[in-house]
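To start, the structure under review is shown below, and the notes come after it.
The values are calculated or read from the model by the stated rules, or taken from the named source; none is laboratory data. Predicted model, so just to flag it, every value in this text is computed and none were measured. A quick note on method: Cβ atoms are made from the backbone with ideal geometry, for glycine too, and the neighbour counts reach across all protein chains shown. Ligands, DNA and RNA are stripped out before the accessible areas are found, and what is left, the full protein with its side chains, is counted by its heavy atoms. Shrake-Rupley method; radii C 1.70, N 1.55, O 1.52, S 1.80 Å.
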Amino acid sequence: MTQTHRTLAAVLLVVGSTAAFAAENWYPSRYGADDTLGAINNLSPAKVLQAVELVKTGKTYALGVETGPDSPAYPPRQYSMTVLQLDSGTGAPLGANQATGNDDLMLLWMGIGSQIDGLGHMGINHVYYNGNKAEDFVSVTGLTRLSTDKLPPIVTRGVLLDMAKFMGKPILAEGTAFNSAEIKAAAEAQQVSIEKGDVVLFHTGWLNIAEQDKARFMAGEPGLGVDGARYLAQLGVVAVGSDTWALEVLPSQDPTMAFPVHPELLAKNGVYILENMDTRALAADGVSEFLFVLGQPRFVGAVQAVINPVAIR
């Protein structure tokens, strides 16, 4: 085979894989042709009451990481804060009581630190969850549909699968994938089930790399494969998260694909993605299930949001 033939074959493989990925009949949504919430529809008061019963010790865990100017982030995302005085700007105290104070001005990409990816974050060829076309809802001043400010609080049962422990390593290497077989085996090893309406988090140990080698942290990661994403979506989970910056395995198992797990979960199934979740304390305590609480900020039109969910056991 000549170099030209090899190049042509590679191009055809990419085109064929991309076409097959996009051609699947993935909308209208199982939740209705007009739905904008996706798998959040699987939440319910009964699910909240079930999750509350998991609280036995009252111990709480912050799942969000500290976010600042040195946080590793997908380029060109950045963080910048300016602290301003709440007085005349000259430093003069206000009133007879000489009141002084400070305020803060932030220039922030929402996709930095611990975050939730909304359903308007990633799609397939400019088509997003439930067949919403970018031209109909994406504006430079904010999304007019699928924005994170429209999400209700997510209060439900959380499940942590310790993939690092399951695979016998403190930190899984970049490129280590886990799919349906590994997820089922890890859940069985922990004697925990994954149920409709759950939030599922994975512990890989990768967050430790962010503190040691930021370049390596962002260059790849262990994570969820497409088969695993489909399996979790079929179970009806509300959100999937991990202690990694993109949730999914990188490099991808299919080298012709770019972040294939994202549109699989977000666009095709309406399942939310939680990134940079600090699962270390939960894993250290051997926690498999807990009460998950997230009241995300309600910035109008936002694609994503910086979050600090709380796990309670």
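List every residue whose amide H lies under 5 Å from the amide H of TRP245, counting only residues 5 or more places away in sequence or on a different chain, with H placed 1.01 Å from N in the peptide plane.
For TRP245, whose amide H was placed from the backbone, the distant partners under 5 Å are ASN276.
Using 0.36 nm times the number of residues separating MET106 and ASP149, minus their current alpha carbon distance, what extension gain do you get?
Values: separation 43, 0.36 × 43 = 15.48 nm, distance 1.85 nm.
So the extension gain works out to 13.6 nm.
Under the classification rounded if a/c is under 1.5, otherwise prolate if a/b is larger than b/c and oblate if not, where does the range 222-281 fall, given a ≥ b ≥ c as square roots of the Cα gyration tensor eigenvalues?
Values: a/c = 1.88, a/b = 1.08, b/c = 1.74.
It comes out oblate by the Cα gyration axes.
What accessible area, in Å² to the nearest ten, does a 1.4 Å probe give for VAL140?
About 150 Å², rounded to the nearest 10.
When the expected Rg is taken as 2.2 N^0.38 Å, what fraction or multiple of it is the alpha-carbon Rg of the range 86-209? Could you put the intermediate results ahead of the total?
Values: Rg = 22.6 Å, N = 124, 2.2 N^0.38 = 13.7 Å.
Cα-based Rg divided by the globular estimate yields 1.64.
Quick one: net charge around MET110, please, counting Lys, Arg +1 and Asp, Glu -1 for every other residue with C-beta under 12 Å from its C-beta.
Values: positive: ARG77; negative: ASP117, ASP149, GLU275.
Spelling it out: positives minus negatives among the neighbours equals -2.
Accessible surface of THR67 in the full protein assembly, 1.4 angstrom probe, to the nearest 10 Å²?
40 Å²
Show me the ranking of peptides 275-284, 122-131 by mean Cβ neighbours inside 10 Å, starting with the highest. Provide the component values of the computation, followed by the final result.
On the way: 275-284: 20.9, 122-131: 19.2.
Result, highest mean Cβ count within 10 Å first: 275-284, 122-131.
Counting Lys +1, Arg +1, Asp -1, Glu -1, what net charge surrounds ASP254 among other residues with beta carbon under 14 Å of its beta carbon? Working shown, then result.
On the way: positive: ARG230; negative: ASP227, GLU248, GLU264.
Counting the neighbours of ASP254, the net charge comes to -2.
Quick check on the range 152-311: of the DSSP beta bridges with both residues there, what percent are antiparallel, nearest 5%?
Values: 9 of 24 bridges.
Just about 40 percent of them are antiparallel.
Relative contact order of the range 74-178, please, whole-number percent, based on alpha carbon pairs below 8 angstrom and at least 6 residues apart. Don't skip to the end; give the middle numbers.
Working: 78 pairs, mean separation 18.4, N = 105.
In percent, rounded to a whole number, it is 18.
Using a 1.4 Å probe over the heavy atoms of the protein chains, calculate the carbon and sulfur portion of the accessible area of the range 255-308 as a whole percent. Intermediate values should be presented prior to the final figure.
Working: 1000 of 1750 Å².
Roughly 57 percent of what the probe reaches on the range 255-308 is carbon or sulfur.
When the solvent-accessible surface of protein heavy atoms is calculated with a 1.4 angstrom probe, in what order do PHE299, PHE290 fall, highest first? Intermediate results must be reported in sequence, preceding the final value.
Values: PHE299 115, PHE290 0 Å².
Greatest to least solvent exposure: PHE299, PHE290.
At a 1.4 Å probe radius, which order do ASP70, ASP136 fall into by accessible area, largest first?
Working: ASP70 110, ASP136 85 Å².
Correct descending sequence by accessible area is ASP70, ASP136.
Using a 10 Å cut-off on Cβ atoms, rank the peptides 173-180, 143-150 from the highest mean neighbour count down. If you can, show how the numbers build up before the last one.
Details: 173-180: 17.9, 143-150: 19.8.
In decreasing order of mean packing, 173-180, 143-150 become 143-150, 173-180.
Just to be sure I understand the curve: with the Debye formula and one point per C-alpha of the range 38-131, what is log10 I(q)/I(0) at q = 0.12, 0.16, 0.19, 0.24 Å⁻¹?
Here log10 of I(q) over I(0) equals -0.79, -0.96, -1.03, -1.18.
Which whole-Hz couplings ³J(HN,Hα) result when phi for each residue of the range 265-279 is put into the Karplus expression 6.51 cos²θ - 1.76 cosθ + 1.60, θ = phi - 60°, listed in order with x for Gly and Pro?
Coupling constants for the range 265-279: 7, 6, 6, 7, 10, x, 9, 7, 10, 10, 10, 6, 7, 7, 9 Hz.
Could you work out the helix-only [θ] at 222 nm for the chain, with each DSSP H run of four or more residues adding -39,500 (n - 2.57) and the total divided by the number of residues, to the nearest 500 deg cm²/dmol?
Values: 10 runs with 84 residues, N = 313.
The per-residue figure over the chain is -7500 deg cm²/dmol.
For ARG313, ARG230, write out the residues from largest to smallest accessible area, computed with a 1.4 angstrom probe and no ligands counted.
Details: ARG313 65, ARG230 90 Å².
Greatest to least solvent exposure: ARG230, ARG313.
Averaged per residue, what accessible area in Å² does the range 154-284 show with a 1.4 Å probe, protein chains only? Don't jump to the answer; show the numbers that get you there.
Details: 4300 Å² over 131 residues.
On a per-residue basis, the range 154-284 sits at 33 Å².
By the gyration tensor of its Cα atoms, with a ≥ b ≥ c the square roots of the eigenvalues, what is the shape of the range 104-167: rounded for a/c under 1.5, prolate for a/b over b/c, or oblate? List each step's numbers first, then the result.
Working: a/c = 2.02, a/b = 1.49, b/c = 1.35.
It is prolate, given that a/c is not under 1.5 and a/b is the larger ratio.
If ligands, DNA and RNA are left out, what is the accessible area of THR57 with a 1.4 Å probe, given in Å² to the nearest 10?
Approximately 90 Å² of THR57 is accessible to the 1.4 Å probe.
Stretch GLN234-LYS59 to full length: gain in nm at 0.36 nm per residue minus the Cα-Cα span? Provide the component values of the computation, followed by the final result.
Numbers: separation 175, 0.36 × 175 = 63.00 nm, distance 3.13 nm.
Difference between extended and current length: 59.9 nm.
Tell me, in nm to one decimal, what length is gained between GLN50 and ALA173 on full extension, where the rule is 0.36 nm per residue of separation less the Cα-Cα distance? Walk me through the intermediate numbers first.
Working: separation 123, 0.36 × 123 = 44.28 nm, distance 3.55 nm.
Gain on extension, GLN50 to ALA173, equals 40.7 nm.
Need one word for the range 247-313: rounded, prolate or oblate. Basis is the Cα gyration tensor (sqrt eigenvalues a ≥ b ≥ c); a/c below 1.5 gives rounded, then a/b vs b/c decides. Don't skip to the answer; put the middle values down first.
On the way: a/c = 2.42, a/b = 1.29, b/c = 1.88.
It comes out oblate by the Cα gyration axes.
Compare the peptides 197-203, 89-95 by average per-residue count of other Cβ atoms within 10 angstrom and give them in order, highest first.
197-203, 89-95
Leaving out ligands and nucleic acids, note down the accessible area per residue over the range 62-144 with a 1.4 angstrom probe, in whole Å². Could you put the intermediate results ahead of the total?
On the way: 5010 Å² over 83 residues.
Ligands and nucleic acids excluded, the figure is 60 Å² per residue.
Defining a contact as two alpha carbons under 8 Å apart and six or more residues distant in sequence, what relative contact order in percent does the range 152-223 show? Walk me through the numbers on the way to the answer.
Numbers: 83 pairs, mean separation 33.4, N = 72.
Result for the range 152-223 is 46 percent.
So for the chain, averaging the separation of alpha carbon pairs under 8 Å that are six or more residues apart and normalising by length, what relative contact order in percent results?
Numbers: 663 pairs, mean separation 90.1, N = 313.
Answer for the chain is 29 percent.
With label points built 7 Å along Cα→Cβ from the Cα atoms of LYS184 and THR90, find their separation and express it in nm.
7.5 nm
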